[in-house]
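Some notes on the structure that comes next.
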Amino acid sequence: MPSSPSTPVEIHACTRDVPSIPPWFAELVLLARHFAQRGVLAALSQQVTLARGRAGRYDVIDFVVVLLGYALSGEPTLEAFFARVAPFAHPFMALFGRVRLPHRATLSRFLADVDGPCLETLRQQFAHDLRHYGPSGMHLGGLTDRCGHCLLIFDVDGTRQAARQRALLSAPEYPPPGRRMDHVCAPGYLGRKRGEVVRTRTTVLQAHTQQWLGTFAGAGNGDYAAELEAACCAVVGYLQAKGLRLTQALLRLDALYGTASILACVQHAGLGFVTRGRDYQLLEHPLVQARLRHPADLCVQHPETGVQRDLFDVGYIADWLEPTPEHSLTCRVIVARQIAPARAEEVASGKLVGASVYELFVTTVPAACLRADEVVALYYQRGAFERVLSEEDVEQDPDRWCSHLPAGQEFWQIVSQWVWNTRLELGLAQQEVDLRRTQWSDAILAPSASPAGGVSDVRGLAEQPETALGMTYGPPEVARDWGRASGRLAGHAFEMVDNGTLRCPAGKILRPQERRKEADGSLRVVYRARTEDCRTCPLVRDCLGPHASGDQPRRVSTVRRRVVQTASGRGGPARMHESTPADGSPGEHAVVWCDLPAARIRRTYSAPLRQQQVMIVVLPGVRGARRDVAAPPLWTRAERAHRRLSWAARLLRNACDAGLARYAYTVCGVRPPLAAFLSLSPASS
């Protein structure tokens with residue numbers, strides 16, 4: 001269009017297709033360089049293996065590369081991602097030393113074939129990279145308590161993703177209905193429509209650096225007890241790799257985990273915890289009842305809602321409600337009491353007793369390290385974990401569906417968390433960031449005497465005979481062998497496991513479902529198996545009866561008899577630190593929270609890179625001797641016999657060859673500290 005006096009511009013049209021480079025390509029180039037320089041790509045290529053059909057020339061590393069790019073890109077769907085990367089498929093794969101880009105249908109088939117060993121090997125590589133690299137030392141942050149000890153806070157909780165389903169016809173003239181999400185999802189509670197099925201992803205977060213330590217998923221509401229055990233193993237491995245003691249860890253748990261059997265597993269792993277208890281039978285404990293008859297230790301008011309709570313620091317209680325057979329639970333109990341609302345339906349949490357609502361908070365932190373109000377404030381600070389989950393949904397959305405099978409979906413979520421941690425590490429390498437320090441509570445210059453009716457009164461009660469303190473229970477006794485008369489497996493056939501569960505003869509796990517007190521004061525615990533385990537169990541007829549189908553899973557109960565002990569027979573409460581004052585008096589240090597501005601670090605790193613230009617230049621490769629296309633191929637004996645390829649041979653099928661063209665990438669806007677960290681040479685001007 002020729003220019004005119006009123007419009008001094010020229011606009012031309014071109015019929016050639018010249019796609020623009022995706023805005024996330026610059027960040028992808030740096031991530032590929034980082035993984036190659038550290039040896040992550042080589043480790044993934046050699047360690048993560050999966051023998052499968054219909055793969056063509058592709059290996060596991062090819063699909064990991066695609067998922068890395070998908071998590072980093074932020075594209076809403078895999079279809080949109082493949083459409084965006086298609087014009088740059090060869091430069092994209094060449095960054096990771098590969099040739100061809102797999103089709104998204106091939107990726108779907110790969111995720112459907114991912115098995116347990118392949119998934120666990122990927123998880124091990126993710127954990128190895130997390131534990132040996134990234135923030136360390138002072139950059140780990142922490143919470144300094146009143147005794148001057150540094151604690152690391154870890155958040156463990158689940159996030160749910162719904163898959164909405166439409167109604168399907170089930171008339172005889174139609175084929176039987178089938179749903180793609182039946183294997184990966186199950187009915188679960190979301191408070192939404194009934195036609196939804198969900199999948200729960202339990203995540204482990206280092207609260208001070210916002211690093212993901214692991215992800216463990218399950219259909220429906222998930223197996224929260226088993227997932228918590230896996231989370232404890234991830235935290236223990238992280239602490240050991242960083243050279244820290246297990247007593248420095250404090251798991252901040254949701255009320256879902258606030259039962260004695262679950263918390264005993266955490267304590268058995270050597271980790272501390274703080275959570276809201278949901279075994280409200282503890283309110284009937286004599287120690288709690290005696291403490292509630294005295295004035296409260298503190299009265300706190302929420303700054304926004306204005307709700308006032310009276311806090312009663314009961315102290316340590318051992319073997320409450322449901323201890324495990326070999327590892328008893330000893331924890332500190334804090335009772336919060338507030339005035340009940342006018343309507344009972346408005347009670348969001350806690351137990352309504354008369355005109356008051358009672359809440360239980362249990363922790364392993366001694367009173368000398370954190371006061372009762374500081375423990376409650378630390379629990380309610382879990383809201384920061386919800387914010388991190390929200391930021392993860394905006395930046396990467398790892399809960400979106402990539403596979404219709406559990407292992408494939410979890411494979412993708414591990415890769416997504418890996419990208420999140422890498423962004424934080426590269427952001428720290430790009431800029432020097434100081435820890436943020438937030439003072440939660442002021443220092444105590446001179447310890448004051450406890451108020452009347454305070455903790456000192458509870459110590460006075462502790463010096464009384466055990467009959468005034470409460471009750472303990474003996475070892476669990478499995479129900480009698482009445483099952484033989486009905487043709488069922490007897491209770492003694494189920495083995496008691498150290499973590500407070502039962503193992504059936506088929507190797508399945510029965511978990512506690514119900515606890516109730518008998519008329520004689522003993523405690524009965526009812527264990528229940530999973531419906532899916534009983535349906536597919538080969539011993540279902542022997543266990544449930546000759547006509548059982550497994551729809552009603554097996555239940556086994558144990559009884560713990562009431563035992564009266566003297567005060568001298570009970571051991572003292574387990575303390576987190578050796579230097580904790582024995583008299584329980586609060587320390588003089590201020591409570592300080594230290595963390596990294598992780599959100600700002602990630603955004604300062606990735607957002608500017610998405611505005612920078614990436615130049616890709618094709619360099620001529622070293623061409624080998626030209627093969628005569630008319631000459632017949634020379635077969636090897638292994639190829640003629642169709643023998644299985646070795647792992648090395650499978651990997652080489654899509655590897656870059658020296659005879660192919662090479663690419664030179666120039667990323668603009670890379671700061672000198674980051675370029676030095678990645679060993680990048682400066683571009684010629």
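The values are calculated or read from the model by the stated rules, or taken from the named source; none is laboratory data. All figures in this text were calculated on a predicted structure; none of them were measured in a lab. In this analysis, Cβ positions are derived from the backbone assuming ideal geometry, glycine residues included, and neighbour counts consider all displayed protein chains.
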- Scanning the range 321-364 for residues that are of a type in the set (Lys, Arg) and under 18 Å from Arg291 (Cα atoms), the one modelled with the lowest pLDDT turns out to be Lys351
- If you scan the range 214-245, which residues turn out to be among the polar types (S, T, N, Q) and crowded, with 22+ Cβ neighbours inside 10 Å? Thr215
- Task: Give the range 82-107 a look and list any residue that's loosely packed, with under 15 Cβ neighbours inside 10 Å and of a type outside the set (A, V, I, L, M, F, W, C), or say none.
- Result: Arg100, His103
- Given (1) free of Cβ contacts under 8 Å to residues at least 24 places away in the same chain; (2) on the phi > 0 side of the Ramachandran plot, where does Ala105 come up short, assuming only one miss? (2)
- Test for Gly277: is it surrounded by fewer than 19 Cβ atoms within 10 Å (Cβ to Cβ) and either under 22 Å from Glu514 (Cα atoms) or in contact with a helix residue (DSSP H, G or I) (Cβ under 7 Å, 6 or more places away or on another chain) (or both): no
- Looking for whichever is modelled with pLDDT of 90 or more and either surrounded by 18 or more Cβ atoms within 10 Å (Cβ to Cβ) or closer than 20 Å to Val362 by Cα (or both) here; the options are Gln248, Gln308. Which one fits? Gln248
- Item | Selected residue (criterion: surrounded by the fewest Cβ atoms within 10 Å (Cβ to Cβ)) from residues of the range 253-274 that are in contact with a Leu (Cβ under 7 Å, 6 or more places away or on another chain) and under 21 Å from Gln381 (Cα atoms) | Leu271
- Message: I need a count of the residues in the range 149-174 that are within 21 Å of the chain's Cα centre (by Cα) and touching a residue at least 40 places away in the same chain (Cβ under 8 Å).
- Response: 12
- Message: Could you check the range 369-415 and list, in sequence order, the residues that are polar (S, T, N, Q), more than 17 Å from Asp157 (Cα to Cα) and in a helix (DSSP H, G or I)?
- Response: Gln409
- Test: residue in the range 156-175 that is touching a His at 6+ places or on another chain (Cβ under 8 Å), farther than 19 Å from Pro398 by Cα, modelled with pLDDT of 80 or more and not β-branched (Val, Ile, Thr): no
- Taking Leu143 as the residue in question, decide whether it is surrounded by 22 or more Cβ atoms within 10 Å (Cβ to Cβ) and more than 14 Å from Trp412 (Cα to Cα). yes
- Message: Quick check on the range 76-86. Is at least one of its residues at pLDDT 90 or above, in contact with a Leu (Cβ under 9 Å, 6 or more places away or on another chain) and of a type in the set (S, T, N, Q)?
- Response: no
- Collect the residues in the range 81-122 that are in contact with a strand residue (DSSP E or B) (Cβ under 7 Å, 6 or more places away or on another chain) and part of a helix (DSSP H, G or I), keeping them in residue-number order. Pro91, Ala94
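Results for (1) within 26 Å of Cys147 (Cα to Cα); (2) of a type in the set (Phe, Trp, Tyr); (3) assigned to a helix (DSSP H, G or I), shown as yes or no for each residue.
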site: Glu227; (1), (2), (3): no, no, yes
site: Cys233; (1), (2), (3): no, no, yes
site: Leu250; (1), (2), (3): yes, no, no
site: Leu263; (1), (2), (3): yes, no, yes
site: Phe273; (1), (2), (3): yes, yes, no
site: Arg276; (1), (2), (3): yes, no, no
- Report, by residue number, each residue of the range 21-40 that is assigned to a loop (DSSP other than H, G, I, E, B) and in contact with a strand residue (DSSP E or B) (Cβ under 6 Å, 6 or more places away or on another chain). Ile21
- Item | Of residues in the range 330-349 being in a loop (DSSP other than H, G, I, E, B) and free of Cβ contacts under 8 Å to residues at least 40 places away in the same chain, the one surrounded by the most Cβ atoms within 10 Å (Cβ to Cβ) | Ala340
- Query: Is there a residue in the range 41-63 that is surrounded by 15 or more Cβ atoms within 10 Å (Cβ to Cβ), part of a helix (DSSP H, G or I), hydroxyl-bearing (Ser, Thr, Tyr) and at negative phi?
  - Reply: yes
